[in-house]
Amino acid sequence: MRIPDAKVALSTASVYPESTATAFEIAARLGYDGVEVMVWTDPVSQDIEALRRLSDYHQVPILAVHAPCLLITQRVWSTDPWVKLQRARAAAEKLGATTVVVHPPFRWQRGYARDFVQGIWRMADETDVRFAVENMYPWRYRDREMLAYAPDWDVTKDDYRHFTVDLSHTATARTDAIHMIDRMGDRLAHIHLADGNGSAKDEHLVPGRGKQPCAELLERLATTGFDGHVVIEVNTRRAMSAAEREADLAEALAFTRLHLASPTGVGHP
């Protein structure tokens, strides 16, 4: 049995619609190793000094910063996507985070998309912070499919130094998660752990509640010496109470730690 050095972090997105500050409280109470800050419309998520105070107060390190790449964050930290990434890198450096998570561009961001692969390499060469580009998925409506990301939602088709794999996104894309991480190889630097059933919606279920190979992925990490971070990024919006939300996040943490400590082949039903 080999337990990797990977730390298990809580994405602040996992407590939405609660605040960034609430995520730090819950991470500390449940014993997470740290947090990944989703930079979004919550002013605290955009404020480096406020984040530093939360981290110090709760004694919860900030392990990663998720750049504001979502549709709802198009005006957060500038409308220029390169400025967003520069600010995300600066935040990570100041907060002691080792990773910036970034999505591939939307197809309508033509200039950004055209220069994205080379631009990410340039930025990665300027810092010790890892820019880990995250797999996405096609957008679907009924029987129609729209390719919303460029150069591609499948980031393994392009050359990046580091990758993030998101298992809710592999579910929505209806692609084989294990084959994807095989293609990523030793460039896999960051995990967004969640589950999904292949719905057209990005479900972000608690690991173990869907059809993705969450346990298999974690057990594989235990044999490869993975030294990145495993981040719980689940949707708790339907929780009926704070206690129910916390129970979901405790279950996700327990699942992750169990399978990170399991030899390959153990723990499957």
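Under 6 Å by Cβ, and 6 or more places apart or on different chains, what pairs join a residue from the stretch 229-251 that is without any contact (Cβ under 8 Å) to a residue 12 or more places away in the chain with one that is crowded, with 16+ Cβ neighbours inside 10 Å?
That search, which allows pairs on different chains as well, returns Ala239/Arg245.
The conditions are (1) crowded, with 22+ Cβ neighbours inside 10 Å; (2) of a type in the set (D, E, K, R); (3) in contact with a Ser or Thr (Cβ under 8 Å, 6 or more places away or on another chain), and Asp202 fails exactly one of them. Which is it?
(1)
Anything in the stretch 191-230 that is modelled with pLDDT under 95 and polar (S, T, N, Q)? List them, or say none.
Within the stretch 191-230, Ser199, Thr223, Thr224 qualify.
Mind checking whether some residue in the stretch 170-189 is part of a strand (DSSP E or B) and surrounded by 14 or more Cβ atoms within 10 Å (Cβ to Cβ)?
Restricting attention to the stretch 170-189, the residues satisfying the condition of being part of a strand (DSSP E or B) are 188-189.
Next cut, surrounded by 14 or more Cβ atoms within 10 Å (Cβ to Cβ) only: 188-189.
Within the stretch 170-189, one or more residues are part of a strand (DSSP E or B) and surrounded by 14 or more Cβ atoms within 10 Å (Cβ to Cβ).
Could you tell me which of the residues Leu71, Leu85 is within 21 Å of Thr170 (Cβ to Cβ) and either of a type in the set (Phe, Trp, Tyr) or out of contact with any Asp or Glu (no Cβ under 9 Å at 6 or more places or on another chain) (or both)?
Numbers: Leu85 fails: within 21 Å of Thr170 (Cβ to Cβ).
Just one listed residue meets the conditions, Leu71.
Just to be sure, is Tyr57 modelled with pLDDT of 95 or more and under 20 Å from His204 (Cβ atoms)? Step through it out loud before you land on a result.
Working: modelled with pLDDT of 95 or more: yes; under 20 Å from His204 (Cβ atoms): no.
Criteria not met by Tyr57.
Tell me, please, whether a residue that is in a strand (DSSP E or B), open to solvent by less than 10 Å² (accessible area, probe 1.4 Å) and closer than 23 Å to Phe106 by Cβ can be found in the stretch 8-16.
Within the stretch 8-16, the subset in a strand (DSSP E or B) is 8-11.
Remaining after also requiring open to solvent by less than 10 Å² (accessible area, probe 1.4 Å): 8-11.
Next, only the ones that are closer than 23 Å to Phe106 by Cβ stay: 11.
Yes, the stretch 8-16 contains at least one residue that is in a strand (DSSP E or B), open to solvent by less than 10 Å² (accessible area, probe 1.4 Å) and closer than 23 Å to Phe106 by Cβ.
Got a sec? Which strands (runs of 3 or more DSSP E) wholly within the stretch 102-153 have at least 2 residues that are in contact (Cβ under 8 Å) with a residue 40 or more places away in the chain? Break it down into steps so the answer makes sense when it comes.
On the way: elements: 130-134, 139-141, 144-146.
Filter on the stretch 102-153 gives 130-134, 139-141.
Given the criterion free of Cβ contacts under 8 Å to residues at least 24 places away in the same chain and open to solvent by 30 Å² or more (accessible area, probe 1.4 Å), identify the matching residue among Ser19, Ser78. If you could, list the steps in order and put the result at the bottom.
Values: Ser19 fails: free of Cβ contacts under 8 Å to residues at least 24 places away in the same chain.
The match here is Ser78.
For residues that are assigned to a loop (DSSP other than H, G, I, E, B) and open to solvent by 60 Å² or more (accessible area, probe 1.4 Å), scanning just the stretch 250-269, find the one that is modelled with the lowest pLDDT. Quick ask: steps written out before the conclusion?
The first filter runs over the stretch 250-269 and keeps only residues assigned to a loop (DSSP other than H, G, I, E, B), leaving 261-269.
Keeping just the survivors that are open to solvent by 60 Å² or more (accessible area, probe 1.4 Å) gives 264, 266, 268-269.
On the way: Thr264: 46, Val266: 46, His268: 43, Pro269: 40.
So, considering only residues that are assigned to a loop (DSSP other than H, G, I, E, B) and open to solvent by 60 Å² or more (accessible area, probe 1.4 Å), the one modelled with the lowest pLDDT is Pro269.
Go through the residues of the stretch 239-249 one by one and say whether even a single one is at pLDDT 95 or above, part of a strand (DSSP E or B) and touching a Ser or Thr at 6+ places or on another chain (Cβ under 9 Å).
Within the stretch 239-249 (the criterion being at pLDDT 95 or above, part of a strand (DSSP E or B) and touching a Ser or Thr at 6+ places or on another chain (Cβ under 9 Å)), the answer is no, since none of the residues qualifies.
Across the stretch 29-47, which residue is least open to solvent (accessible area, probe 1.4 Å) among those that are assigned to a helix (DSSP H, G or I) and under 14 Å from Lys84 (Cβ atoms)? Steps first, answer last, please.
In the first step, residues of the stretch 29-47 are kept if they are assigned to a helix (DSSP H, G or I); the result is 29-30, 43-46.
Narrowing the set further to residues that are under 14 Å from Lys84 (Cβ atoms) leaves 45-46.
On the way: Ser45: 1, Gln46: 57 Å².
By that ranking, first place goes to Ser45.
The values are calculated or read from the model by the stated rules, or taken from the named source; none is laboratory data. The structure displayed is predicted, hence computed values, not measured ones. Please note: Cβ atoms are built from the backbone with ideal geometry, for glycine as well, and neighbour counts cover all protein chains shown. Ligands, DNA and RNA are stripped out before the accessible areas are found, and what is left, the full protein with its side chains, is counted by its heavy atoms. Shrake-Rupley method; radii C 1.70, N 1.55, O 1.52, S 1.80 Å.
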